[in-house]
Amino acid sequence: MLAAEVDGYLRAASAGPPGRVQAILSPHAGLMFSGAVAAHAYKAAQSGDFDVAVLVGPSHYVGFEGAALWPEGAFESPCGRLPIDDAGARALAASPIVHAMPEAHGREHSLEMQLPFLQRVLPDIPIVPVLIGFQRRATIQALADAMAGAFEGRRALLVASTDLSHYFDATTAATLDGRVQRCVAAFDPEGLRDVYEEYPDADRGRYVACGGGAALAVMLAARALGAVHGRVLKYGHSGEVSGDNTAVVGYLAAAFGTFADAH
């Protein structure tokens, strides 16, 4: 049963840092591969007092400019139904970078993999689901600005969905993914953007993160909404589950906010 599996991952995860969580970063691979990592991000968010969750992920199947919003109705998973936050969706859609585009969500899994965890730790929370299209600097910044403006004054949890490097051996993956982790721990979106932009567009997903633009937009928006600290919660890779360390995918759980034990 999906709920029992997710609950097991959550029980095994470490408690998050003390303080206020504004945003989290979570992977989106198959549950058996990345679920144990994702649980650390959601465990950190579990104690938060949120009235909406804004989910931002990459579009794996449909290419487009800007960001694609699912504007109304609800998302469903085997764990239940999560309604769209109408006010949040309308506020975000006021940005010229954001378009109501349900068709971009049809085959996508990057947001759907977040739903069971969200439903177990924050039951019934409404969501605003967004996919970022071509992950270029101007789009990333515009989406960050749109989120910061749309959710100022609200108790919003921002969720960035991304995996890290893809299909390198475990040692190489740890080196590549370590660069991302250092930027996350330092809460340095500009540094992460520099790492991301070292590679051509077509290579960024493999060498850095398939949802690098989503992660950057969420980090920038979280900072605008008051977050001051970043925290790496858990790192792992697919080889730890499959036993094959020759071609792994990296996974990271992280949180951004204001943490009492930051130093």
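The values are calculated or read from the model by the stated rules, or taken from the named source; none is laboratory data. Keep in mind the model is a prediction, meaning the values are calculated, not measured. Note: ideal-geometry Cβ built from the backbone for every residue, glycine included; neighbour counts use all protein chains shown. Quick note on the areas: whole protein, heavy atoms, side chains included, nothing else; ligands and nucleic acids left out. Shrake-Rupley method; radii C 1.70, N 1.55, O 1.52, S 1.80 Å.
Summary of computed values
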{"quantity": "Accessible area per residue, Å², the chain with all protein chains present, probe 1.4 Å", "calculated": "39"}
{"quantity": "GNM flexibility winner over the chain from F187, F117, F75 (Cα, springs under 10 Å)", "calculated": "F75"}
{"quantity": "Projected label distance in nm at A87 and D7, using a 7 Å step from Cα toward the beta-carbon", "calculated": "3.3"}
{"quantity": "Choice from D194, D124, D145 with maximal GNM fluctuation in the chain (Cα, 10 Å cutoff)", "calculated": "D194"}
{"quantity": "Gain in span if fully extended, D203 to E240, counting 0.36 nm per residue against the direct Cα distance", "calculated": "10.9 nm"}
{"quantity": "Residue-span extension gain [T171 to M32] - 0.36 nm each, minus C-alpha spacing", "calculated": "47.9 nm"}
{"quantity": "The chain: calculated mean residue ellipticity at 222 nm from DSSP helix runs of at least 4, using -39500 (n - 2.57)", "calculated": "-11500 deg cm²/dmol"}
{"quantity": "Net charge of Cβ neighbours under 9 Å - reference V248; Lys, Arg +1; Asp, Glu -1", "calculated": "-3"}
{"quantity": "Rg/Rg_ref, region 103-166, where Rg_ref = 2.2 N^0.38 Å and atoms are Cα", "calculated": "1.24"}
{"quantity": "Projected label distance in nm at F64 and E103, using a 7 Å step from Cα toward the beta-carbon", "calculated": "0.8"}
{"quantity": "Relative contact order computed over region 1-158 (Cα-Cα under 8 Å; 6+ residues apart), in percent", "calculated": "34"}
{"quantity": "Percentage of interatomic Cα-Cα distances in region 11-155 larger than 22 Å", "calculated": "38"}
{"quantity": "Radius 12 Å from Cβ of A217, net charge of other residues (Lys, Arg +1; Asp, Glu -1)", "calculated": "+3"}
{"quantity": "The chain: most fluctuating residue of A146, A38, A247 per GNM, C-alpha cutoff 10 Å", "calculated": "A247"}
{"quantity": "Length added when fully stretched, A94-D188, from 0.36 nm per residue minus Cα-Cα", "calculated": "31.1 nm"}
{"quantity": "Whether region 162-263 is rounded, prolate or oblate, judged on the alpha carbon gyration tensor where a/c under 1.5 counts as rounded", "calculated": "oblate"}
{"quantity": "Carbon + sulfur, % of accessible area of region 140-263 - ligands and nucleic acids excluded, 1.4 Å", "calculated": "49"}
{"quantity": "Rounded if a/c under 1.5, otherwise prolate or oblate - region 90-200, Cα gyration tensor axes", "calculated": "prolate"}
{"quantity": "Accessible carbon and sulfur surface of region 1-98 relative to its total accessible area, %, 1.4 Å", "calculated": "55"}
{"quantity": "Shape of the chain, Cα gyration tensor, a/c cut at 1.5", "calculated": "rounded"}
